[in-house]
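K.L.:
Next up is a structure, given as structure tokens.
The values are calculated or read from the model by the stated rules, or taken from the named source; none is laboratory data. As the structure is a prediction and not an experimental result, all values here were calculated from the model. Every residue, glycine as well, gets a Cβ built from its backbone with ideal geometry; the counts of neighbours run over all protein chains shown. With ligands, DNA and RNA removed, areas are computed over all heavy atoms of the protein, side chains included. Shrake-Rupley method; radii C 1.70, N 1.55, O 1.52, S 1.80 Å.
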Amino acid sequence: MTMLALHRRGGETYPAREFEDVYDRLGQLMNAALGESVEDGRMGAWMPMADISETEDSYVVEIDVPGASKNQIDVQLSERELIVTGEIDEQERERRHRKMRRTGRFELRAMLPGDVDADRVDAHLCDGVLTITIPKAAAAKPRHIEVSV
């Protein structure tokens, strides 16, 4: 049986990182099985960490893209599907000791739970976090109905 290499820092083990590595390897295997092309020795695009939340008026998507500039990110909304793609360039270092941050092509796809107003979407990049605010369509907003006697 093959053991996974443990990632340790200061004597502590990070099992979440182990699962992330296994997930990446399975994704690469699936991409290879489905015939996706290999670019620069890497398989396909990776998916950045993201949170999707809902307010009364909108859906808010926060995506971690450290090191990306606004012209390296493309945001598209097709009906209820949000598609965020881009590429984070790897910075060349004279003597790299460890590489843990992801670089290269990334893609995030998310289906929003309700109808949206695509004309009023706002995307803002600050401190490595892309925040996309997608207003709900008027028909999707909850409506208070008075009960009469």
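K.L.:
Step by step: first the residues of the stretch 64-84, then only those that are open to solvent by less than 60 Å² (accessible area, probe 1.4 Å) and under 12 Å from the mean Cα position of the chain (by Cα), then the one that is farthest from ILE134 (Cα to Cα). Which residue is that? Can you show your working first?
P.N.:
We begin by selecting, within the stretch 64-84, every residue open to solvent by less than 60 Å² (accessible area, probe 1.4 Å); these are 65, 68-69, 72-73, 75, 77, 81-84.
Remaining after also requiring under 12 Å from the mean Cα position of the chain (by Cα): 65, 73, 75, 82-84.
On the way: VAL65: 19, ILE73: 17, VAL75: 12, LEU82: 10, ILE83: 13, VAL84: 13 Å.
Top of the filtered list is VAL65.
K.L.:
Mind checking which residues of the stretch 125-139 are surrounded by fewer than 15 Cβ atoms within 10 Å (Cβ to Cβ) and farther than 12 Å from ASP64 by Cα?
P.N.:
Residues satisfying the conditions are ALA137, ALA138, ALA139.
K.L.:
Also, I was wondering about something else. Which one is modelled with the highest pLDDT, of the residues in the stretch 79-93 that are closer than 13 Å to PRO113 by Cα and of a type outside the set (A, V, I, L, M)?
P.N.:
Of everything passing the filter in the stretch 79-93, GLU81 is modelled with the highest pLDDT.
K.L.:
State all residues of the stretch 110-149 that are out of contact with any helix residue (DSSP H, G or I) (no Cβ under 8 Å at 6 or more places or on another chain), touching a residue at least 24 places away in the same chain (Cβ under 8 Å), in a loop (DSSP other than H, G, I, E, B) and farther than 16 Å from VAL84 by Cα; if no residue qualifies, say none.
P.N.:
Residues satisfying the conditions are PRO113, LYS141, PRO142.
K.L.:
So which residues in the stretch 49-76 are assigned to a strand (DSSP E or B) and β-branched (Val, Ile, Thr)?
P.N.:
Start the filter on the stretch 49-76 by keeping residues that are assigned to a strand (DSSP E or B), which leaves 50-54, 58-64, 73-76.
Passing the criteria: ILE52, VAL60, VAL61, ILE63, ILE73, VAL75.
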